[in-house]
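The values are calculated or read from the model by the stated rules, or taken from the named source; none is laboratory data. As the structure is a prediction and not an experimental result, all values here were calculated from the model. Cβ coordinates were reconstructed from backbone atoms using ideal geometry, including for glycine residues, and neighbour counts include every protein chain displayed.
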Amino acid sequence: MAEAAKIMGEKHIGSLVVEGGETPWGIVTERDLLSRFLGIDGKIVPVRVKGCMSTPLITIPPEITIKEAAKTMMTKKGRLVVFKDEKLVGIVTTSDLVKVLPECPETLVNCNEYMTKKVVSVDEDTTIMAVATIMGEKRIGSVIVNRDGEPFGIFTERDLLTSFLAEGKTLQSKVGESASSPLITIPAGTSVHQVAYIMATKHVRRLPVMKEKNMVGIITARDLVEAYTK
């Protein structure tokens with residue numbers, strides 16, 4: 001998993017297909033890294049990808065529609081692997097689907113209906129190891145980082161991969177030094193389609209939702225795909 005983390009971090013990707021011989025066998029993700037590779041106490045655990053990967057693969061043909069792909073992703077709860085003539089030709093993630101969500105009745109509903117209302121936040125002086133432990137235990141992909149009691153940045157599982165696990169940096173550094181800032185936020189009531197547009201153009205997968213000056217939730221790429229399937 002240490003080697004897998006390095007590959008994902010260097011290539012800025014969130015998953016790897018695992019081969020069994022020459023045959024695609026399973027998939028391992030950055031979320032698996034948080035919950036299995038780092039362990040409950042935040043310490044690095046020497047484990048192989050075969051002990052953490054999800055199998056069997058969730059497969060789709062290349063001819064499938066966006067709507068069908070979105071429904072499959074929500075039902076099966078995972079990334080989609082595209083096969084053509086029994087050969088692996090690609091992979092589809094929530095971020096990929098968000099980039100192509102059409103403007104339609106399903107995506108014109110507002111984000112309040114699909115956002116997560118309980119936002120997990122930490123102080124800027126919290127260590128990366130402590131943050132990784134929190135994300136692993138709660139099975140979440142990000143935390144809001146506070147400075148003087150106010151949100152000023154966000155730290156994600158991708159940040160953990162690219163800035164720490166891939167480069168071998170110490171997990172004892174403070175999260176405030178590596179958080180993405182300033183925060184990109186959206187006002188409460190923004191349509192799902194507009195949220196998708198902002199995510200695609202800003203290259204982010206999570207957006208805190210603000211009502212006046214208060215953070216009332218956070219919406220993710222997965223939430224948008226779920227909204228589209230309703």
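So the values come out like this:
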| read-out | value |
| --- | --- |
| Positions within region 208-230 being among the hydrophobic types (A, V, I, L, M, F, W, C) and touching a residue at least 60 places away in the same chain (Cβ under 8 Å), in sequence order | Val209, Met215, Val216, Ile218, Ile219, Ala221, Leu224, Val225, Ala227 |
| Which listed residue is modelled with pLDDT of 95 or more, among the β-branched types (Val, Ile, Thr) and surrounded by fewer than 18 Cβ atoms within 10 Å (Cβ to Cβ), from Val145, Val109, Val120 | Val120 |
| Hey, Val195 in contact with a Cys (Cβ under 8 Å, 6 or more places away or on another chain) and in a helix (DSSP H, G or I) or not | yes |
| Counted residues, region 84-96 - those being surrounded by 13 or more Cβ atoms within 10 Å (Cβ to Cβ) and free of Cβ contacts under 8 Å to residues at least 40 places away in the same chain | 2 |
| In region 1-17, the residues that are more than 15 Å from the chain's Cα centre (by Cα), free of Cβ contacts under 8 Å to residues at least 60 places away in the same chain and outside any helix (DSSP H, G or I) | Met1 |
| Residue in region 72-79 that is in contact (Cβ under 8 Å) with a residue 60 or more places away in the chain and of a type outside the set (Lys, Arg) present | yes |
| Scope region 193-214; condition in contact with a strand residue (DSSP E or B) (Cβ under 7 Å, 6 or more places away or on another chain) and either under 25 Å from Val92 (Cβ atoms) or buried (at least 19 other Cβ atoms within 10 Å of the Cβ) (or both); matching residues | Val195, Ile198, Met199, Arg205, Arg206, Leu207, Pro208, Val209 |
| Output for region 45-74, where each listed residue is within 19 Å of Val98 (Cα to Cα), touching a helix residue (DSSP H, G or I) at 6+ places or on another chain (Cβ under 7 Å) and assigned to a helix (DSSP H, G or I) | Ile66, Ala69, Ala70, Lys71, Met73, Met74 |
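To keep it simple, each residue is scored yes or no on (1) among the small types (Gly, Ala, Ser); (2) closer than 23 Å to Val209 by Cα.
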{"position": "Ile91", "(1), (2)": "no, no"}
{"position": "Ser95", "(1), (2)": "yes, yes"}
{"position": "Val119", "(1), (2)": "no, yes"}
{"position": "Thr127", "(1), (2)": "no, no"}
